[in-house]
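Here's the structure we're looking at; comments come further down.
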Amino acid sequence: MVMNKLLFYIIVCLPTISSALCIDYKNQVNQAVQTKNFDQLKELLPTLEKEGCASNYIEALQNKLAQIIAVKADELMMNGQFEQARALLQRSTIVNWETQIIRADIAAFEGNWQKATKLYDQSLDLINDPQATPQAPDTETIQKIFQLASEAQILAGTLDSSRPVEHGIMLDDIRGFKPDKLLIPIKFEFNKSALSLEGEKSAQQLGKYIEQHDFQKIILIGHTDAKGSNIINDKISVQRALTLKNYLKKIGVKIPITAIGQGKRTPLMLDDINRYTEEEINSLNRRVEVITE
């Protein structure tokens, strides 16, 4: 899971004592952090605040507390103890990208893809905010979260129109990680190439995203699940990519758009195939990839 790398950050990146008033508590703080004792650390925080420790030092410790809780909650979640994991996460004094990842994973394991999508996106937004996350995770970790967010977005079935267009998986650059393509959940009428109502809403969000950037061209790649023949799937995937292209042109997208179909030839490379049911895997493969240039 994403959280496996957190132990390194918690142990190595200890906060630095920045106030003489806090020196007496240095050993207790370091011991609590190194042993991942969130109860001891949480009990120390009010005392440190009362002693007048620097605000940046308190914030650093709050972040360490959230990280320790997230690691433990991840262990509980992986053992199927979702309620215990939720209860533990409530003990964190702040919300950071690590806690949101665990909440997203719990929602995903329970099949609540709308909630999982929002939480994964929030995690990416927090990572992208230097004030919320002074020390960003490595690019490999960000890429993994981006992939999980993209998969959840497809299974949720529609782009979230209640939030700004450029957030989460729609960000161009997440602390140095630059996605090379978007996986857009475009729903079509059953066994047809016509956009469903939800599909139109997602296409409108995609159109807004394109308008906010200086792209030279767009490539839309339609895909299908493994059911049916290559001939039929190739035809469906091309038709659906063309339908999306025509809709984008209709709502005012002026840059060149190329629409192609891959049928069932290139199934989505999933982060962890065991996370999904067979039907969810089929849904993930029925996707439209958007490549911007």
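Brief remarks on what is shown
- Any hit, the stretch 11-18, residues being modelled with pLDDT under 80 and part of a helix (DSSP H, G or I): yes
- Residue in the stretch 256-272 that is surrounded by the most Cβ atoms within 10 Å (Cβ to Cβ), counting only those that are of a type in the set (A, V, I, L, M, F, W, C) and assigned to a loop (DSSP other than H, G, I, E, B): Leu268
- For Lys118, the stated conditions do not hold, so it cannot be described as out of contact with any Lys or Arg (no Cβ under 6 Å at 6 or more places or on another chain), in a helix (DSSP H, G or I), within 25 Å of Tyr25 (Cα to Cα) and without any contact (Cβ under 8 Å) to a residue 60 or more places away in the chain.
- Enumeration of residues in the stretch 19-48 that are farther than 17 Å from Ala66 by Cα and out of contact with any Phe, Trp or Tyr (no Cβ under 9 Å at 6 or more places or on another chain): Ala20, Leu21, Ile23, Asp24, Tyr25, Lys26, Asn27, Gln28
- Residue satisfying all of: in the stretch 71-115; assigned to a loop (DSSP other than H, G, I, E, B) and β-branched (Val, Ile, Thr); modelled with the highest pLDDT among these: Val95
To keep it simple, each residue is scored yes or no on (1) farther than 21 Å from Leu155 by Cβ; (2) surrounded by 19 or more Cβ atoms within 10 Å (Cβ to Cβ).
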| residue | (1), (2) |
| --- | --- |
| Leu206 | no, yes |
| Gln216 | yes, no |
| His223 | no, yes |
| Leu248 | yes, yes |
| Lys254 | yes, no |
| Asn274 | no, no |
| Arg286 | no, yes |
| Thr292 | yes, no |
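- Taking the criterion of being of a type in the set (D, E, K, R) and out of contact with any helix residue (DSSP H, G or I) (no Cβ under 8 Å at 6 or more places or on another chain), the residues of the stretch 198-239 that qualify are Glu198, Lys201, Lys208, Glu211, Asp214, Lys217, Asp234, Lys235.
- Filtered by the rule that a residue be without any contact (Cβ under 8 Å) to a residue 12 or more places away in the chain and among the small types (Gly, Ala, Ser), the stretch 189-207 gives a lone residue, Ser196.
- Residue among Ile127, Ile145, Ile169 that is part of a helix (DSSP H, G or I) and under 18 Å from Asp74 (Cα atoms): Ile145
- Extreme residue, nearest to Gln212 (Cα to Cα), among residues of the stretch 139-177 that are more than 14 Å from the chain's Cα centre (by Cα) and loosely packed, with under 14 Cβ neighbours inside 10 Å: Pro164
- Evaluation of Phe109 against (1) under 15 Å from the mean Cα position of the chain (by Cα); (2) of a type in the set (Phe, Trp, Tyr); (3) over 24 Å from Asp160 (Cβ atoms) (one fails), failing number: (3)
- Every pair of residues 6+ apart whose Cβ atoms lie under 8 Å, when the first sits in the stretch 142-162 and is over 15 Å from Ile273 (Cβ atoms) while the second is among the basic types (Lys, Arg) and part of a helix (DSSP H, G or I): Thr158/Lys201; Leu159/Lys201; Asp160/Lys118; Ser161/Lys201
The values are calculated or read from the model by the stated rules, or taken from the named source; none is laboratory data. Values in this document were obtained by computation on a predicted structure and should not be read as measured data. Here the Cβ is made from the backbone with ideal geometry for all residues, glycine too, and neighbour counts use every protein chain on show.
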